[in-house]
Amino acid sequence: MEFKLQATDKQGKARAGLITTDHGTIATPIFMPVGTVGSVKAVHFHELENDIKAQIILGNTYHLYLRPGIEILKQAGGLHKFNSWTKPILTDSGGFQVFSLSSNRKLKEDGAHFRSHIDGSKHVFTPEGVVDIQRAIGADIMMALDECTPGTADYDYAKKSLGLTTRWLQRGWERYKQTEGLYGYHQSFFPIVQGCTYPDLRRQAAQMVTDLGAEGNAIGGLAVGEPAEVMYDMIEVVNEILPTDRPRYLMGVGTPANILEAIDRGVDMMDCVMPTRNGRNGMLFTRHGIMNMRNKKWENDFSPLQEDGPSYVDRTYSKAYVRHLFVSQEILAMQIASIHNLAFYLWLVNEARRHIIEGDFKTWKTEMVENVTRRL
């Protein structure tokens, strides 16, 4: 994998670059739609590629491991062959999903012991095992197994958690170096910076991750209960240390405003379920503000969903019609909203990239943050 830095904002740390993988080139900053089980919910791949303009999607190690299972993916020739997505794929390690199963998991030195949310069966994720699983999935970018510390954790817990994550990372990194991809193309491995909301722990983790010399690095354990301003502070702390010549991936973030603030602080890659999950519940993000499509105010508004929107759904369907679909609990409502929100997120990061290159990102970002947080 190669990363070429093309431009840096003169008034901040926002960056524009190119990540080159064996499945294609990704222009950064980039938002990555979440395809948990090998699919982005309610969205066809031709819509993702041609209308939404997605350049890379995510798969989830935990979910793909449970269903369809690693043997099926191996037989298919990896996830790209299985789901017919030809562009890059990133997989997380399953650490966040195990974190979410707090009542059904135990973290031990050897790995994360958990019960399946599907049938209650027992499983173990070891640092080495999740490398092997991601080799079988065939992701272009793989993640290290870590513990996602709650944003409200006290210092002692966060320090102990970081120690476990560090030891797991060292084992996973060794396994990565000892193995090769199964399908004839290169796979990168990103370590993850943890440390909760404590600057000294974040600095320690960022330095340790930097010293590995991986092809890219991730920032985890944010947007998990801490205030947004604290999250922004932690990004700044970490990015002071992470190398500038490698892509930086902020995991699981977030709102349009979060994304713009992260880009301003030197983040290159982001993902979140928010555009699809909130979309399925009637929340539409636009460059002018946020719309709740169940509101009665849209009942007889026959204007386009978003006349200046980036997707065909924005110009094809009216606000009144989309509201009708949501009130009627029609599946099409969730499809339209998911496509709209994803197209908006990709438009937003592409505009950020354009303004970074043109040199007026800071001014544009300040105005855009105000717009995207407005309730319509």
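The values are calculated or read from the model by the stated rules, or taken from the named source; none is laboratory data. Note that the structure is a prediction, hence the values are computed from the model and not measured. Here the Cβ positions follow ideal geometry from the backbone for every residue, glycine too, while neighbour counts run over all protein chains shown. The area values use the complete protein model at the heavy-atom level, side chains included, leaving out ligands, DNA and RNA. Shrake-Rupley method; radii C 1.70, N 1.55, O 1.52, S 1.80 Å.
Table for the structure above
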{"quantity": "The stretch 158-271 - Kirkwood radius from inverse mean 1/r over Cα pairs (Å)", "calculated": "14.5"}
{"quantity": "Surface share of carbon and sulfur [accessible, 1.4 angstrom probe, percent] for the chain", "calculated": "49"}
{"quantity": "The stretch 95-208: projected area of the alpha-carbon convex hull, averaged over directions, in nm²", "calculated": "7.5"}
{"quantity": "For the stretch 26-78: relative contact order, % (alpha-carbon pairs under 8 angstrom, 6 or more apart)", "calculated": "40"}
{"quantity": "Percent breakdown of C-alpha pair distances by 10 Å bin, ordered from the shortest bin, for the stretch 6-152", "calculated": "11, 36, 32, 18, 4, 0"}
{"quantity": "Within the chain, percent of DSSP bridges classed antiparallel, to nearest 5", "calculated": "55"}
{"quantity": "Relative contact order of the stretch 5-153, pairs being alpha-carbon contacts under 8 Å that are 6 or more residues apart, as %", "calculated": "20"}
{"quantity": "10 Å binning of all Cα-Cα separations within the stretch 204-311, expressed as whole percents from 0 upward", "calculated": "13, 37, 26, 17, 7, 2"}
{"quantity": "Size descriptor, Kirkwood hydrodynamic radius, that averages inverse alpha-carbon separations across the stretch 200-266, Å", "calculated": "12.1"}
{"quantity": "Calculated from backbone phi, Karplus (6.51, -1.76, 1.60) coupling profile of the stretch 67-81 in Hz, x at Gly/Pro", "calculated": "8, x, x, 5, 5, 4, 5, 5, 4, 6, x, x, 5, 4, 6"}
{"quantity": "Within the chain, helix-based [θ] at 222 nm, where runs of 4 or more DSSP H residues each add -39,500 (n - 2.57), nearest 500", "calculated": "-13000 deg cm²/dmol"}
{"quantity": "Percent RCO, i.e. relative contact order, over the stretch 172-232, from Cα pairs under 8 Å lying at least 6 residues apart", "calculated": "33"}
{"quantity": "Inverse of mean 1/r across different Cα pairs in the stretch 243-376, Kirkwood, Å", "calculated": "15.4"}
{"quantity": "Pairwise label distance in nanometres, GLN329 with ASN104, each label 7 Å out on the Cα-Cβ vector", "calculated": "2.5"}
{"quantity": "Distance (nanometres) between label positions extended 7 Å along Cα→Cβ at GLU367 and ALA320", "calculated": "3.3"}
{"quantity": "The stretch 110-194: GluC sites (Glu not before Pro) falling in loop per DSSP and having at most 15 other Cβ within 10 Å", "calculated": "GLU180"}
{"quantity": "Accessible area expressed per residue, the chain, with surrounding protein chains retained (probe 1.4 Å, Å²)", "calculated": "41"}
{"quantity": "Degrees between helix 155-178 axis and first principal axis of the chain (Cα, 0 to 90, nearest 10)", "calculated": "80"}
{"quantity": "Mean shadow area of the stretch 315-376 over all directions, Cα convex hull, nm²", "calculated": "5.0"}
{"quantity": "Gain on full stretching of the segment that runs from ALA27 to GLN11 - 0.36 nm per residue minus C-alpha separation", "calculated": "3.7 nm"}
{"quantity": "Members of LYS74/LYS177; LYS13/LYS362; LYS296/LYS319; LYS106/LYS177; LYS106/LYS160; LYS53/LYS87 lying beyond 18 Å, as alpha-carbon distances in this model show", "calculated": "LYS74/LYS177; LYS106/LYS177"}
{"quantity": "The stretch 243-256 - phi-based ³J(HN,Hα) in whole Hz, Karplus 6.51/-1.76/1.60, Gly and Pro as x", "calculated": "x, 7, 9, 10, x, 10, 10, 8, 8, x, 10, x, 6, x"}
{"quantity": "The chain - convex hull of alpha carbons, volume per residue in Å³", "calculated": "132"}
{"quantity": "Note, ³J(HN,Hα) from phi for the stretch 194-211, Karplus 6.51, -1.76, 1.60, rounded to Hz, x at Gly and Pro", "calculated": "10, x, 6, 9, 9, x, 5, 5, 4, 5, 4, 5, 5, 5, 4, 5, 4, 5"}
{"quantity": "Distance between modelled label sites at LYS74 and GLN207, nm, 7 Å Cα→Cβ extension", "calculated": "4.2"}
